[in-house]
1. Tell me which residues, restricted to region B:66-109, are closer than 18 Å to residue A:150 by Cα and either of a type in the set (Gly, Ala, Ser) or more than 7 Å from every other protein chain (Cβ to nearest Cβ) (or both).
2. Being open to solvent by 20 Å² or more (accessible area, probe 1.4 Å) and free of Cβ contacts under 8 Å to residues at least 60 places away in the same chain narrows it down to one residue among B:68, B:84, B:72, B:47; which is it?
3. So, in region A:153-173, exactly how many residues are among the aliphatic types (A, V, I, L, M) and at pLDDT below 80?
4. Which is at pLDDT 80 or above and out of contact with any His (no Cβ under 8 Å at 6 or more places or on another chain), of B:49, B:68, B:60?
5. Test residue A:124 against the stated conditions and say whether it is at pLDDT 80 or above, under 19 Å from residue A:34 (Cβ atoms) and surrounded by 15 or more Cβ atoms within 10 Å (Cβ to Cβ).
6. Could you tell me which of the residues A:90, A:74 is modelled with pLDDT under 70 and either more than 23 Å from residue B:57 (Cβ to Cβ) or among the polar types (S, T, N, Q) (or both)?
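The values are calculated or read from the model by the stated rules, or taken from the named source; none is laboratory data. Bear in mind the structure is a predicted one, so any value in this text is a computation, not a measurement. Every residue, glycine as well, gets a Cβ built from its backbone with ideal geometry; the counts of neighbours run over all protein chains shown. All accessible areas refer to the heavy atoms of the entire protein, side chains included, with ligands and DNA or RNA removed. Shrake-Rupley method; radii C 1.70, N 1.55, O 1.52, S 1.80 Å.
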Amino acid sequence: MSAVVFAGSAQFAVVQLVAAGAPAVALVLTGAILNLRHVLYSASLAPSLRAAPARWRAFLAYLLTDELFGVVSARPPAALSDSERTWFAAGVGGSLWVLWQASTLAGIVAGSRIPASWSLDFTATLTFIALVVPMLKGRAALAAGAVSASVAILALHMPLRLWLVAAVAAGVLAGVLAEGHAT
Amino acid sequence: MTSSVALFLSIVCIGAVTYLMRLSLLALHGRLRLPGAVERALRYVPAAALTALVVPALVAPAGSLEFARSNARLWAGILAVMVAWRTRSVVLTLAVGMGTLWVLSLWMH
């Protein structure tokens, strides 16, 4: 899954769903929804990578993650020429890929020897916390998070783990409404 | 339980969908523009999705709501949120969260 999907949050979420015995439809739906944000990353990086040939863009698309997006976006546009930017993105993306695959392998080899009482599954939740807390800035994002959390709790017993879909839809709607209200 | 064939197919599907989404606007840039409203809405997807994963994992670790004092994950999670908020550090958040969970579960047994 690390090689095919290459996306942390979707992989963690799908693993948790598999452990909970969720059906295949729920897995695909969850993975797709969690990775929907990549459409936006794709849109946002497109202007700065416009000089790259189509083949390179197809390759970089495979490497596109939250981290790559963050690192490449953090570079001021003037700091790199168009071709340097392509190489920079490929270098960052390639390093992230190698590290991710190596860590996955280490997990496969060592994972089954680690007892369940160590609660290492909690690291997935903690990683999400570390990623989401900086995102909850401003009224609209806070509204999105709060509504999403409330719906997730209220809808916890929905079949197919559809609560996740319901919560995200409600959260996004709340964010858009709060933003419209503020301006 | 999902069979291993279904699981494999699901993973391939997720990979394909993810790749197409990543490629979508990189490849179509200049030929297609997302409506502004869609673009604004997409901005809230990460915050909403991650919160929806975190909160139930803390308040209902075993599948049903659990606000009891014995829910160690809830306390460890609240502390982790504070650490993440103050430090923005993934490593510190993980260290404090896991440390709290271990200490609490030792103490409660």
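1. Matches in region B:66-109: B:66, B:67, B:74, B:77, B:78.
2. Being open to solvent by 20 Å² or more (accessible area, probe 1.4 Å) and free of Cβ contacts under 8 Å to residues at least 60 places away in the same chain holds for just one of B:68, B:84, B:72, B:47, which is B:68.
3. 6
4. B:60
5. no
6. Just one listed residue meets the conditions, A:74.
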